[in-house]
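Q: After the structure tokens below, expect a handful of questions from me.
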Amino acid sequence: MSPPPTASTILLVDDHDLLRLGLRSLLQSLNPSASLQVLEASSLQQALDLYAAHQNEIALVLLDLHLPDAHGLTGLTRLLSLHPDAHVVVLSGERDPAQMRRA
């Protein structure tokens with residue numbers, strides 16, 4: 001696996017507008033002088049399109065496991081099958097320990 005890109009771009013993928021807004025604000029407030037860019041997607045397909053267009057800039061993907069067009073690990077699996085070098089952190093309210101280990 002390659003090291004993360006040097007760019008400061010995060011792709012935030014969640015279908016809840018309020019959660020994306022809150023996370024974006026939190027991330028940008030952590031270091032207001034830094035040039036952090038946050039891209040947002042509300043579906044897996046939007047995320048895949050954004051990642052393809054900006055893959056050299058995206059250092060991290062924050063990915064919800066429950067999206068309108070992907071449920072459970074299908075979204076994570078699809079993203080990593082298309083972009084195996086992507087650095088992904090899963091965001092989820094999932095409580096199933098087996099699902100968490102698989103992620």
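The values are calculated or read from the model by the stated rules, or taken from the named source; none is laboratory data. Quantities reported herein were computed from a predicted structural model and do not represent experimental measurements. Cβ: placed from backbone, ideal geometry, glycine included. Neighbour counts: every protein chain shown. To get the accessible areas, we keep the full protein, side chains included, count just its heavy atoms, and leave off ligands, DNA and RNA. Shrake-Rupley method; radii C 1.70, N 1.55, O 1.52, S 1.80 Å.
Q: Go through (1) in contact with a helix residue (DSSP H, G or I) (Cβ under 9 Å, 6 or more places away or on another chain); (2) acidic (Asp, Glu); (3) in contact (Cβ under 8 Å) with a residue 40 or more places away in the chain for residue 85 and report which single condition fails.
A: Answer for residue 85: the failing condition is (1).
Q: Now for a different question. Could you check the stretch 4-46 and list, in sequence order, the residues that are at pLDDT below 85, among the hydrophobic types (A, V, I, L, M, F, W, C) and out of contact with any strand residue (DSSP E or B) (no Cβ under 9 Å at 6 or more places or on another chain)?
A: 30, 34 - these are the residues of the stretch 4-46 that are at pLDDT below 85, among the hydrophobic types (A, V, I, L, M, F, W, C) and out of contact with any strand residue (DSSP E or B) (no Cβ under 9 Å at 6 or more places or on another chain).
Q: Could you tell me whether residue 20 is basic (Lys, Arg) and within 11 Å of the chain's Cα centre (by Cα)? Spell out how you get there, then give the answer.
A: Numbers: basic (Lys, Arg): yes; within 11 Å of the chain's Cα centre (by Cα): yes.
The answer is yes for residue 20.
Q: Inside the stretch 61-88, can you point out the residues that are open to solvent by 40 Å² or more (accessible area, probe 1.4 Å), closer than 25 Å to residue 25 by Cβ and at pLDDT below 95?
A: 66, 68
Q: Only one of (1) open to solvent by 50 Å² or more (accessible area, probe 1.4 Å); (2) of a type in the set (Lys, Arg); (3) in contact (Cβ under 8 Å) with a residue 12 or more places away in the chain fails for residue 101. Which number is that?
A: Here residue 101 clears every test but (3).
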